[in-house]
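Novice: Can you keep this structure in mind? I'll have questions shortly.
Please treat every number below as a calculation from the coordinates, not as lab data. On a predicted model such as this, the values are computed, not experimentally measured, just so you know. Neighbour counts are summed over all protein chains in view; Cβ atoms, including those assigned to glycine, are modelled from backbone coordinates with ideal geometry.
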Amino acid sequence: MFKQCDILDEKKSKTLRQVSKEVTFPMDEKDVLLMNNMVMYLRLSQDEDYASKNDIRAGMGLSAVQLGVLKRFFVISYKKEDGTFDEFKVVNPKIISNSEELIYVEEGEGCLSINRYVEGIVPRYARVTVEYYDEYGNKKTVRIREEMAVAFQHEIDHLNGILFPDRIDKKNPFKDQDKMRSI
Ligand code: CO
C-alpha cells in the first residue's frame, strides 16, 4: 500500500505534466493491484477518524500518473450519505458526448497533487457519457452528472497532463461565472 507522500506533488514532479499511455489487456497484475490499493486509499481518506489520525487529505479521485505510473487509468470512490461508496475503476476512458450546460464546484476543485488553495472557477460539463474498460478489459459506458461528472473530467485531464488550475482563466479567475451553474 502506498502513502500520502507517494502521491506526486505538482511543485516537485514533472511527471504529472506527461501524457499517459493507453493500457493493453490483459492488464499487468501489478497495475490491477495498484488500482485496488488506490480505491482503498480513497475510501480510507474519506473516513474522518482515519484521515485525521493519519493526517491525510480526503480525496474522491486518483489517477495512476499521480503515483508515477504513466498509464491511462484512474479510480473514483465517493462516499454517499448512507455510508456506501460509488466506485469506478476506469481504464482508457473517452468522453463520447457531453452536455452544453457547464457547471463548476463552488468551493473549488481539490486535487491530492495540489497542496495549495487555488482561486477561481473550473468550467466542467454538467453531464458526460464516458466509454471505458474495466480492469478485465470489459467495455463499459456510463452516463454521469454533477460531482461525478466533474470527477471524471478532472481525472481524464490528469491522463493528459492537465491539472485543474490550468483550466482557470489567469487574468480573470471568475470569467463567465454567470454562464455556469455552481454545484
Ligand atoms: Co487531481
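Novice: So, of the residues in segment 135-181 that are under 16 Å from the mean Cα position of the chain (by Cα), under 26 Å from Asp86 (Cβ atoms) and among the acidic types (Asp, Glu), which turns out to be farthest from the ligand (Cβ to nearest atom)?
Specialist: Glu146
Novice: Could you please give the count of residues in segment 83-112 that are more than 18 Å from Val39 (Cβ to Cβ) and away from the ligand (no atom under 16 Å from the Cβ)?
Specialist: Number of matching residues: 11.
Novice: Please find, among Lys79, Lys89, Lys71, the residue that is closer than 23 Å to Val122 by Cβ and among the charged types (D, E, K, R). Break it down into steps so the answer makes sense when it comes.
Specialist: Numbers: Lys89 fails: closer than 23 Å to Val122 by Cβ; Lys71 fails: closer than 23 Å to Val122 by Cβ.
Step by step, each of Lys79, Lys89, Lys71 is checked, and only Lys79 is closer than 23 Å to Val122 by Cβ and among the charged types (D, E, K, R).
Novice: State which residue pairs qualify: first residue farther than 23 Å from Val32 by Cα and inside segment 1-18, second residue surrounded by 13 or more Cβ atoms within 10 Å (Cβ to Cβ) and basic (Lys, Arg) in any location, beta carbons under 9 Å apart, and separation of 6 or more residues or different chains.
Specialist: Taking only residues 6 or more apart or on different chains, the pairs are Glu10/Arg17.
Novice: Additional query: I'd like to verify a number: residues in segment 138-178 that are within 20 Å of Asn115 (Cα to Cα), without any contact (Cβ under 8 Å) to a residue 40 or more places away in the chain and either touching a Ser or Thr at 6+ places or on another chain (Cβ under 6 Å) or assigned to a loop (DSSP other than H, G, I, E, B) (or both), how many?
Specialist: 2
Novice: Regarding Asn115, is this residue of a type in the set (S, T, N, Q), away from the ligand (no atom under 16 Å from the Cβ) and either surrounded by 17 or more Cβ atoms within 10 Å (Cβ to Cβ) or in a loop (DSSP other than H, G, I, E, B) (or both)?
Specialist: no
Novice: Conditions first: (1) surrounded by 22 or more Cβ atoms within 10 Å (Cβ to Cβ); (2) touching a Leu at 6+ places or on another chain (Cβ under 9 Å). Ile121 passes all but one, so which condition is the exception?
Specialist: Failing condition for Ile121: (2).
To keep it simple, each residue is scored yes or no on (1) under 17 Å from the mean Cα position of the chain (by Cα); (2) of a type in the set (Lys, Arg); (3) closer than 25 Å to Ile95 by Cβ; (4) within 15 Å of the ligand (Cβ to nearest atom).
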residue	(1), (2), (3), (4)
Asp6	yes, no, no, yes
Gln18	yes, no, yes, yes
Val23	no, no, yes, no
Leu33	no, no, no, no
Arg43	yes, yes, no, no
Lys53	no, yes, no, no
Phe73	yes, no, yes, yes
Tyr78	yes, no, yes, yes
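Novice: Just to verify a result, which residue in segment 1-54, among those that are surrounded by 15 or more Cβ atoms within 10 Å (Cβ to Cβ) and of a type in the set (Ser, Thr, Tyr), is nearest to Tyr136 (Cα to Cα)?
Specialist: Per the criteria, the residue is Ser20.
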